[in-house]
1. Is it true that residue 49 is farther than 23 Å from residue 464 by Cβ, in contact with a helix residue (DSSP H, G or I) (Cβ under 9 Å, 6 or more places away or on another chain) and within 10 Å of the ligand (Cβ to nearest atom)?
2. Here are the criteria: (1) over 24 Å from residue 428 (Cα atoms); (2) surrounded by fewer than 18 Cβ atoms within 10 Å (Cβ to Cβ). Tell me which single one residue 369 does not satisfy.
3. Name the residues in segment 318-355 that are hydrophobic (A, V, I, L, M, F, W, C), in contact with a Pro (Cβ under 9 Å, 6 or more places away or on another chain) and closer than 16 Å to residue 509 by Cβ, would you?
4. If you take just the helices (runs of 4 or more DSSP H) that sit entirely in segment 310-384, which of them hold at least 1 residues that are closer than 18 Å to residue 470 by Cα?
5. When residues of segment 292-306 are filtered for being within 13 Å of residue 338 (Cα to Cα) and assigned to a loop (DSSP other than H, G, I, E, B), how many remain?
6. Please state which of the following conditions residue 279 fails to meet, knowing it meets all the rest: (1) in a loop (DSSP other than H, G, I, E, B); (2) more than 29 Å from residue 186 (Cβ to Cβ).
7. At least 2 residues that are within 30 Å of residue 331 (Cα to Cα) in each: list the helices (runs of 4 or more DSSP H) lying fully within segment 392-491 that qualify.
8. Can you name every residue in segment 405-421 that is surrounded by fewer than 19 Cβ atoms within 10 Å (Cβ to Cβ) and either aromatic (Phe, Trp, Tyr) or within 30 Å of residue 288 (Cα to Cα) (or both)?
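The values are calculated or read from the model by the stated rules, or taken from the named source; none is laboratory data. All of these numbers come straight from a predicted model, not from anything done at the bench. Glycine also receives a Cβ, built like all others from the backbone with ideal geometry; neighbour counts cover every protein chain displayed.
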Amino acid sequence: MSKSFYVTTPIYYVNDVPHIGHAYTTIAADVIARFKRLQGNSVFFLTGTDEHGQKIETTAQSNGMTPIELADSVVTRFQDLSGLLNITNDDFIRTTEERHKISVEEIFRRVEKAGDIYLSEYEGWYDVRNEAFITETQLEELMAIPEDKRPKIEKVKEESYFFRLSKYQEPLLEHYKKHPEFVQPRYRLNEVVSFVEGGLRDLSISRTTFTWGIPVPGNPKHVIYVWFDALTNYITGVGFPKNEEMFNQNWPADVHLVGKDILRFHAVYWPAFLMSAGIELPKTVFAHGWWTVEGEKMSKSLGNVVDPYQVVDEFGADVFRYFLLREIPFGQDGDFSKSAIVARVNGELANGLGNLVSRTLGMIEKYFDGQVPEPEELFEDDKNVRDQALAMLDVFEKEMDEIAFHKALVTLWDYIAYVNKYVDESAPWTLAKEKNEARLGTVLWTIVQAIGVVTILIHPFMPESAEKIWDRLGCPESINSKLLSDAKEWGIAKSGQLVEKGQSLFPRFDDK
Ligand code: MSP
């Protein structure tokens, strides 16, 4: 069996409930997973939660809970996102699981065996919120921030195990050179390269001042640094170290999706740990941008944190999914606002797609008792609708393979606009008046085929709507069984099958 396509999201801290940032990466990963399945690949899609570390321990304490009680109470909010947003993850990993402990211990031992771990003393600063040791330059930057706005940092002096990160400076630079696709988008690679060129110091990978973590094998006074623990989830999730068959089937990961703030951990530390342990490196780390909310940074103190449960309640999962991936080029920052969602719904979903589907199916109900008509001779215009679809499919596929969601959606919506224009120009209502049944049937048959193609392509983005349209087209098999290659066969909707116009797919929102 050929290797599965393996896609991951970051694992989320359980000291807080999910917000738009979490939903964003998870939705993006889901669209990739669904699209890869559509191409005929077997896929493994992993998400989960990061449950160890000082931050979780402190948050639990201040809530009068034990860390595991906190984790158990928050984790369901993350697990329930899958149902809420129609996420098709194959597994959900929690770093407090036994399988993960075994995996972290194993990779730690391998790295130790490679001679890359030594005991020394760490003296410096630690950023608790980001669970990161702070370099001299970072400290200067932090000190420039007014004290009340500055993230909480702590002076640390303790015995610590170190990882010989410095040893991997050259091998990492070589890897980036040989595999420039390792960090995407491309402009992010430069940041990573200059960070590494700036010099890598050995990394403290254990702590003794708190206990909420996986103990260092052989020295339980120390717990393993939370990022060493967390990054390892990506191999635990595919069976490391015990299930070799599953591991070989899935590893290396094809893409780790991450936010830009955690790129360094994924593109520098993680590959260094893997090199040391003698494990293959993931193929790509893709860093996406950050959302602001109505022009402002999202933060608890501003009280503007976007709750995915609320957005879905108001707009539905499909609209949320579509908006997040259409609004900004994947990789760049963007702004979230209700007015921006409403503009997309009214302009693109209701007017563009919804209108095309409802007027077409309405006319088939009216003129052909709901049965998809037989086509007669195809004219130039009809053939163009088909040829444009085939050309569009190629571009769409290429853009999806590049993880350029917004481009793929623009490509698809340009085609929808083209088909809507074809409808206007062919004017089926006039053909009906003229009793030109042959032309009327051919035109409506053509439009229905175009809708079939569009439906298969929107399925990864808007699964609920695609299933609805598919049912209304009267297609017998489930859309889930359809492949991209089926979309390339012009004639998905068979003559004679029964369509149903149904209720409006995307009701318009009042702009106010
Ligand atoms: N636990 C670590 C990841 C470990 S992965 C081995 C972590 N967790 S997190 O819960 O704090 O953040 C998860 C993700 O949310 C990050 O990828 C981060 O970029 C993303 N976002 C947080 N706020 C965001 C926005 N405002 N906009 C977009 N994404 C944002 O980091």
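1. Here the answer is yes, as residue 49 does meet what is asked.
2. Among (1) over 24 Å from residue 428 (Cα atoms); (2) surrounded by fewer than 18 Cβ atoms within 10 Å (Cβ to Cβ), residue 369 violates only (1).
3. 320, 345, 350
4. Result: 317-327, 355-368.
5. Here the count works out to 4.
6. (2)
7. Answer list for segment 392-491: 405-426, 437-458, 463-472, 484-487.
8. Hits for segment 405-421 are 406, 407, 410, 413, 414, 417, 418.
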